[in-house]
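Written out below as structure tokens is the structure these notes cover.
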Amino acid sequence: MIGDTIVARASADGPGERAVLRLSGPHALSVVRRVFTPALPLVRATVEGRLLIAGLELPAFAMVMPAPRSFTGEHVVELHLPGSPLLLRLVQDRLLDDASDAQAAPGDPQHPPVPAGAVREALPGEFTARAVQHGRLSLAAAEGLLLLLHAEDRRHAAAAVQWLRGGFTELVERLRAALQDVLALLEVGLDFADDDTGSVSDAEWRPRLAAIGEQLERLLAEVPVTAPGGELLLLGRTN
């Protein structure tokens with residue numbers, strides 16, 4: 001739900017040298033104060049500091065990406081911590097615990113108090129969904145990201161990256177514009193002909209349409225074939 005602040009692990013599962021917790025939402029900077037010091041500035045920055053958890057202080061750093069110039073279009077904070085799964089779970093529980101809120105000083109516009117229930121664990125894919133909702137990522141790019149996550153070989157990965165960067169979107173837009181040109185040509189013929197058959201000869205529009213069809217076939221042949229889940233999306237008003 002837009003308006004909530006969400007938190008989730010953004011690094012691979014299991015132990016490692018470093019782990020990342022990502023927060024996104026209007027209260028991201030305030031929520032981080034529950035576990036991290038010093039207070040974070042409302043500017044793009046990397047801040048070295050200390051993680052305060054279970055009575056311990058550990059070295060950590062935070063990356064601040066204010067709205068709207070972040071992946072999700074919201075305030076985003078990434079906490080980079082030692083990669084202990086237990087430590088990560090303790091930190092995430094503390095971030096989600098309203099009772100542990102270390103609120104900012106009254107009147108601090110950069111770190112407003114966090115309302116109860118305003119922080120929750122992110123749903124699968126919710127960071128990407130928010131990026132789409134805030135116009136930071138197109139639907140085609142989001143699909144490219146999904147294809148990249150489920151790529152089975154280098155060819156699929158390369159096609160997914162092209163999709164993610166907008167290459168396929170540009171090609172589809174060009175094909176759409178070409179189809180509109182053919183349609184406009186036919187409509188002009190209907191509008192200015194003396195009868196209803198149109199004045200545009202087949203030789204003027206059929207070759208163009210055939211070329212568009214060939215490009216569409218090549219495009220479909222290059223689309224990666226993946227089976228990322230089997231989910232069904234119903235989009236639109238309920239009936």
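The values are calculated or read from the model by the stated rules, or taken from the named source; none is laboratory data. Computed from a prediction, not measured in an experiment: that's the story for all the values here. As a convention, Cβ positions derive from the backbone with ideal geometry for all residues, glycine included, and neighbour counts pool all protein chains shown. Only protein heavy atoms, including side chains, enter the accessible area calculation; ligands, DNA and RNA are left aside. Shrake-Rupley method; radii C 1.70, N 1.55, O 1.52, S 1.80 Å.
General observations
- Taking the stretch 21-50 as the range and being aliphatic (A, V, I, L, M) and surrounded by fewer than 21 Cβ atoms within 10 Å (Cβ to Cβ) as the test, the residues that pass are Ala39, Leu42, Val43, Ala45, Val47.
- Failed condition for Pro224, given (1) open to solvent by 90 Å² or more (accessible area, probe 1.4 Å); (2) within 28 Å of Arg136 (Cα to Cα); (3) modelled with pLDDT under 70; (4) not β-branched (Val, Ile, Thr): (1)
- Given (1) free of Cβ contacts under 8 Å to residues at least 40 places away in the same chain; (2) outside any loop (DSSP other than H, G, I, E, B), index of the condition Arg18 fails: (1)
- Condition met for Asp98 (acidic (Asp, Glu), closer than 17 Å to Ser24 by Cα and at pLDDT below 90): yes
- Within the stretch 51-67, being in contact with a Pro (Cβ under 7 Å, 6 or more places away or on another chain) and buried (at least 17 other Cβ atoms within 10 Å of the Cβ) holds for one residue alone: Val64.
- Scanning the stretch 45-78 for residues that are in a loop (DSSP other than H, G, I, E, B) and farther than 18 Å from Ala131 by Cα yields Ala54, Gly55.
- Flag if Leu147 is of a type outside the set (Lys, Arg) and modelled with pLDDT under 80: yes
- Residue list for the stretch 68-87, restricted to those being under 25 Å from Pro115 (Cβ atoms) and either among the polar types (S, T, N, Q) or over 14 Å from the mean Cα position of the chain (by Cα) (or both): Ser70, Thr72, Val77, Glu78, Leu79
- Subset of the stretch 121-130 (residues that are buried (at least 16 other Cβ atoms within 10 Å of the Cβ) and at pLDDT 90 or above): Ala122, Glu126, Phe127, Arg130
- Scanning the stretch 136-156 for residues that are in contact with a Phe, Trp or Tyr (Cβ under 6 Å, 6 or more places away or on another chain) and open to solvent by 80 Å² or more (accessible area, probe 1.4 Å) turns up nothing.
- Those residues of the stretch 41-71 which are touching a helix residue (DSSP H, G or I) at 6+ places or on another chain (Cβ under 9 Å) and of a type outside the set (A, V, I, L, M, F, W, C), in sequence order: Pro41, Pro66, Ser70
- The single residue among Pro26, Pro41 that is of a type outside the set (Lys, Arg) and over 20 Å from the mean Cα position of the chain (by Cα) turns out to be Pro41.
- Odd one out for Ala10 among (1) open to solvent by 10 Å² or more (accessible area, probe 1.4 Å); (2) touching a His at 6+ places or on another chain (Cβ under 9 Å): (2)
- If you filter the stretch 137-175 down to residues that are part of a helix (DSSP H, G or I) and charged (D, E, K, R), you find that the one that is nearest to Ala221 (Cα to Cα) is Arg155.
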